[in-house]
Amino acid sequence: MAFTLPALPYAHAALAEVGMSQETLELHHGKHHQAYVTMLNGFVEKNADLQGKTLEEIVAFAKDKADLAPVFNNAGQHWNHIHFWNALSPNGGRPGGRLETKIIADFGSVTAFKDSFKTAAATQFGSGWAWLVLGTDGKLKTTKTANGSNPLATGEGKPLLGLDVWEHSYYLDFRNRRPDYVSNFLDTLANYEFAEANLG
Ligand code: MN3
């Protein structure tokens, strides 16, 4: 069965007042994410080894196989964008509950967490992602991944909250100012309830 583009969990205009324009969401979801899905389906159609596998299984199977790098990147990007749409909210920006308690325990403060996340996002050279993850040691940490990779693939832990730092995610709204896009995400757009639910 072919992979499909999931609908956004909000209207395309829903984030316009909080730093992500309707145009950005229409292009990012309808063109960029759709292209990853279309490419992935094309690869699956031509490769019996990929057929019948879940998205996560394809990412794991294609990882570190040079001839399957395009499969890994497109499958990873499909997984990452499904996560990303849910990591945004018109009512985001404030961690609470169990997540806030754990952030304070593991980073020292919410501000220290945000500073750590900002550093990860700012130092991802070129295209990629910044993440809050539940590490394999049970502690929260931030990390970054290149291109279509993610912390599941790198074995760094469970992704709780991921931010797309490819230029296509911020250039219309923030131009070259990636740090402003990242700060706005952490303070305004981030769906910390989604991140908390991902704690399990
Ligand atoms: Mn993207």
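The values are calculated or read from the model by the stated rules, or taken from the named source; none is laboratory data. Computed from a predicted structure; not experimentally measured. Cβ coordinates were reconstructed from backbone atoms using ideal geometry, including for glycine residues, and neighbour counts include every protein chain displayed. We work out accessible area using only protein heavy atoms, side chains counted, and drop any ligands, DNA or RNA first. Shrake-Rupley method; radii C 1.70, N 1.55, O 1.52, S 1.80 Å.
Points worth noting:
- Residue count for the range 13-26, restricted to those that are buried (at least 17 other Cβ atoms within 10 Å of the Cβ) and not polar (S, T, N, Q): 6.
- Qualifying positions in the range 154-183 - open to solvent by 10 Å² or more (accessible area, probe 1.4 Å), away from the ligand (no atom under 16 Å from the Cβ) and either polar (S, T, N, Q) or within 13 Å of the chain's Cα centre (by Cα) (or both): 154, 158, 176, 183
- Of the criteria (1) open to solvent by 10 Å² or more (accessible area, probe 1.4 Å); (2) within 13 Å of the ligand (Cβ to nearest atom), which one residue 148 fails: (1)
- Residue among 117, 72 that is modelled with pLDDT of 95 or more, more than 13 Å from the ligand (Cβ to nearest atom), closer than 18 Å to residue 34 by Cα and of a type outside the set (Gly, Ala, Ser): 72
- Qualifying residue in the range 86-99 (condition: surrounded by fewer than 16 Cβ atoms within 10 Å (Cβ to Cβ), at pLDDT 95 or above and hydroxyl-bearing (Ser, Thr, Tyr)): no
- Among the residues here, residue 66 does not qualify as within 30 Å of residue 184 (Cβ to Cβ), free of Cβ contacts under 8 Å to residues at least 12 places away in the same chain and either open to solvent by less than 40 Å² (accessible area, probe 1.4 Å) or not assigned by TED's automatic domain parsing to the domain that holds residue 155 (or both).
- Residue 134 being within 22 Å of residue 19 (Cβ to Cβ) and outside the structural domain of residue 25 (by TED's automatic domain parsing): no
- Meets criteria (within 16 Å of the ligand (Cβ to nearest atom), touching a helix residue (DSSP H, G or I) at 6+ places or on another chain (Cβ under 9 Å) and touching a residue at least 12 places away in the same chain (Cβ under 8 Å)) for residue 189: yes
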